[in-house]
Amino acid sequence: MVFDGFLNSIFGWLISWHPLGALIIISFILMLITTLVYKYFTDQEAMKSLKEEMKEIQNEMKQVKDNPAKMMELQKQSFSKMMESFKHQIKPMLITFIPFLILFPWLSGVYTPYGKLFIGLGWFGTYFIFGIIFNIILRKLLKVH
C-alpha cells in the first residue's frame, strides 16, 4: 500500500509488541485524536445545549405516550435537534474520515495474520470494542458533547 512506509514509521515501534497490546494502544491513540478533533471543531456549548434539549424532549415523550398528536410533534422536534447536531458534527467527521480510510487497510494488513486477538475477535472487532471504551472515557474526561 502507498502509505505503508509512512504508517510503519509512526506505528512501527508497536508492531514488535504483543499484537493485542499494540492494537489497544493504537486504538487509544486514534480515539484520542478523534476526540480532540471533535472537541475543537465543534461548538461545545451548542452541542451541550442540543443534548439537553433532546433529553427534555425524550422526557416529554415518555409523559405523552398516550397522546399521538403531541408525540408526533415531539418527534418532529427531536428529529430537528438531531439534524442540527449532525450539522455541527459533519466537519470533524470529514476531518477524521480520510485518515481512517488510510489506516484501516494498513491495520488489516498488519493484524489479520494474527487471527483472533481478544475474546475470539479479529483485529477489527478488537479495535472496535476498545475504541468504544476509549471513546466513552475520553469524551467524559475531556468534556466533549
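The values are calculated or read from the model by the stated rules, or taken from the named source; none is laboratory data. Predicted, not measured: the structure shown is a model, and the values here were computed from it. Cβ sites come from the backbone with ideal geometry, for glycine too, and all protein chains shown count toward neighbours. Heavy atoms of the whole protein, side chains included, go into the accessibility calculation; ligands, DNA and RNA do not. Shrake-Rupley method; radii C 1.70, N 1.55, O 1.52, S 1.80 Å.
Mind listing just one residue for me: the one in segment 73-88 that is aliphatic (A, V, I, L, M) and surrounded by 11 or more Cβ atoms within 10 Å (Cβ to Cβ) and, of those, farthest from residue 43 (Cα to Cα)? The extreme case among them is 74. Any residue that is surrounded by 16 or more Cβ atoms within 10 Å (Cβ to Cβ) and over 18 Å from residue 39 (Cβ atoms) - is there at least one of those in segment 132-144? Looking for residues that are surrounded by 16 or more Cβ atoms within 10 Å (Cβ to Cβ) and over 18 Å from residue 39 (Cβ atoms), one finds none in segment 132-144, hence no. What number of residues within segment 100-119 are open to solvent by less than 80 Å² (accessible area, probe 1.4 Å), in a helix (DSSP H, G or I) and either of a type in the set (S, T, N, Q) or free of Cβ contacts under 8 Å to residues at least 60 places away in the same chain (or both)? Adding up the residues that qualify gives 3. Can you spot a residue in segment 121-128 that is at pLDDT 90 or above, farther than 23 Å from residue 44 by Cα, outside any strand (DSSP E or B) and in contact with a strand residue (DSSP E or B) (Cβ under 7 Å, 6 or more places away or on another chain)? Yes, segment 121-128 has at least one match.
Contact map, segment 16-37: residues that are of a type in the set (Asp, Glu) paired with residues that are open to solvent by 50 Å² or more (accessible area, probe 1.4 Å), Cβ distance under 9 Å, separation 6+ or inter-chain. No pairs are found.
More than 15 Å from the chain's Cα centre (by Cα), farther than 20 Å from residue 50 by Cα and not polar (S, T, N, Q), is that true of residue 98? In short, no. Looking at segment 39-67 only, could you name the residues that are more than 28 Å from residue 96 (Cβ to Cβ) and of a type in the set (D, E, K, R)? Those that are more than 28 Å from residue 96 (Cβ to Cβ) and of a type in the set (D, E, K, R): 56, 60, 62, 65, 66. Can you name the condition, by its number, that residue 144 falls short on among (1) touching a Gly at 6+ places or on another chain (Cβ under 9 Å); (2) touching a residue at least 60 places away in the same chain (Cβ under 8 Å); (3) not charged (D, E, K, R)? Single failed check for residue 144: (1). Among the numbered criteria (1) over 30 Å from residue 80 (Cβ atoms); (2) among the hydroxyl-bearing types (Ser, Thr, Tyr); (3) without any contact (Cβ under 8 Å) to a residue 60 or more places away in the chain, which one does residue 49 miss? The one condition residue 49 does not meet is (1).
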